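Have a look at the structure below before the remarks.
The values are calculated or read from the model by the stated rules, or taken from the named source; none is laboratory data. All figures in this text were calculated on a predicted structure; none of them were measured in a lab. Because the Cβ atoms are built from the backbone with ideal geometry, glycine has one as well, and the counts that use them run over all protein chains shown. Only protein heavy atoms, including side chains, enter the accessible area calculation; ligands, DNA and RNA are left aside. Shrake-Rupley method; radii C 1.70, N 1.55, O 1.52, S 1.80 Å.
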Amino acid sequence: MHLLTRARGEDERRLMLNTIGPVWDGNEVWLLVAGAGTFAAFPFWYAALFSTLYVPLVLVLLGLIFRAVAIEYRGKGASARWRRAWDWAIGAGSMLAAFGIGAGLALTTTGLPIDADGNRVGGPFVWLTPIAVLGGLAVVGFCFVQGATFLALKTEGAVRERAGRDVVRAAPIALLPLVGWVAVVQVQSGDVLTWVLVALAAVAAIAGWLAARARREGTAFLGFSVFLVLGAAAIFAAVYPVVLPSTVDHAFDLTVANASSSGYTLGVMTVVTAVALPVVLLYQAWSYWVFRKRLAVHHLPAAHEPAPAVRP
């Protein structure tokens, strides 16, 4: 989103893309793993959620496809028109994916119109409610703030200065939808533990903002990350053990018990996860460590016209 709205010139756009170049593809795989893991561990939850939210999830998929293709194809042409078209695909695809994910998660925690069999009650746009819009704006706003924090952490020069100012100015407004989502869930089903998590999340957000104001980008990034983790923990702990409430009748709610796979399946998944997850986290952490240095425009090689695979 910052590539589309905040970059000034081709050099700054290339710089922004290079900050995520070594890691964006691997990060996107986590989203796919989340979907596959939900299907394997909670198939009834997966079926009800994906069928009811078919339209927004297709939009999320299209956004991710356009974003990924655009990142790869942007440098394959030499014209400004070519690059600008792919810039729009990256920015709009990223915003669309973030909004759809936020809308889906918000509805997962506040309810969808499903019947006793987990089928959708109503038309294909029955999901489009104020809470869905709030959740979509919450994730878009957080991504905008955390993206600016990441750019300030990973760059030097004008991009760093501009991103740092964006964090300080945007955070108090852009994070409000996420605060509103947390508040809605807490009022509906919160308890003492979840309110404590909310308070800690608020402290982390304030600490992140103060660190950004003091230009301590690493601390700011950590503060906003802790805010997200604690906020999400407060939301999902508040609705536990329900994984998908029904707005038709609470007797139709899906819980961790009635939506899960067999004990054998969950046991196998636990063993595989316990073995594979630490390995994945280790090599992904290593990749972040290898590419930990800041980037500046002068670090980038000069732009050149790509050679065609087959010459006429």
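The table that follows gives values for the structure above.
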item	result
Helix-only CD estimate at 222 nm, as mean residue ellipticity for the chain, using -39500 (n - 2.57) per DSSP H run (n ≥ 4)	-24500 deg cm²/dmol
Hydrodynamic radius (Kirkwood) for segment 172-312, which is based on Cα pairs only, to one decimal in Å	19.7 Å
Surface accessible to a 1.4 Å probe, per residue, for the residues of the chain, Å²	54 Å²
Cα-based helix-to-principal-axis angle, 80-110 vs the chain, degrees rounded to 10	20 degrees
Dimensionless Rg ratio for the chain, taking C-alpha atoms and the 2.2 N^0.38 Å reference	1.08
Distant-in-sequence amide H partners of V243 (H built 1.01 Å from N, under 5 Å)	L254, T255, V256
Cα centroid of segment 121-143 to Cα centroid of segment 164-229, whole Å	20 Å
Hydrodynamic radius of segment 116-204 per Kirkwood, over alpha carbon pairs, in Å	15.4 Å
³J(HN,Hα) computed for each position of segment 2-7 - Karplus, 6.51 cos²θ - 1.76 cosθ + 1.60, integer Hz, glycine/proline x	5, 4, 7, 10, 10, 6
Karplus-derived 3J(HN,Hα), 6.51/-1.76/1.60, for each residue of segment 201-218, Hz, glycine and proline x	5, 5, 4, 5, 5, 5, 4, x, 5, 5, 5, 4, 5, 8, 6, 9, 5, x
Ranked by how many other beta carbons lie within 10 Å on average, peptides 10-17, 22-29 from highest	10-17, 22-29
Cut-off under 5 Å, modelled amide H: who pairs with L295 long-range	T155, E156
Between segment 238-263 and segment 44-117, the Cα center-to-center distance that results, in Å	25 Å
Accessible area of the chain belonging to carbon and sulfur atoms, whole % at 1.4 Å probe	71 percent
Per-peptide average of other Cβ atoms within 10 Å, ordering 241-249, 96-104 highest first	96-104, 241-249
HN-Hα J in Hz across segment 43-59 - Karplus 6.51, -1.76, 1.60, θ = phi - 60°, x for Gly and Pro	x, 6, 4, 4, 5, 5, 5, 6, 6, 6, 9, 4, 5, x, 6, 5, 5
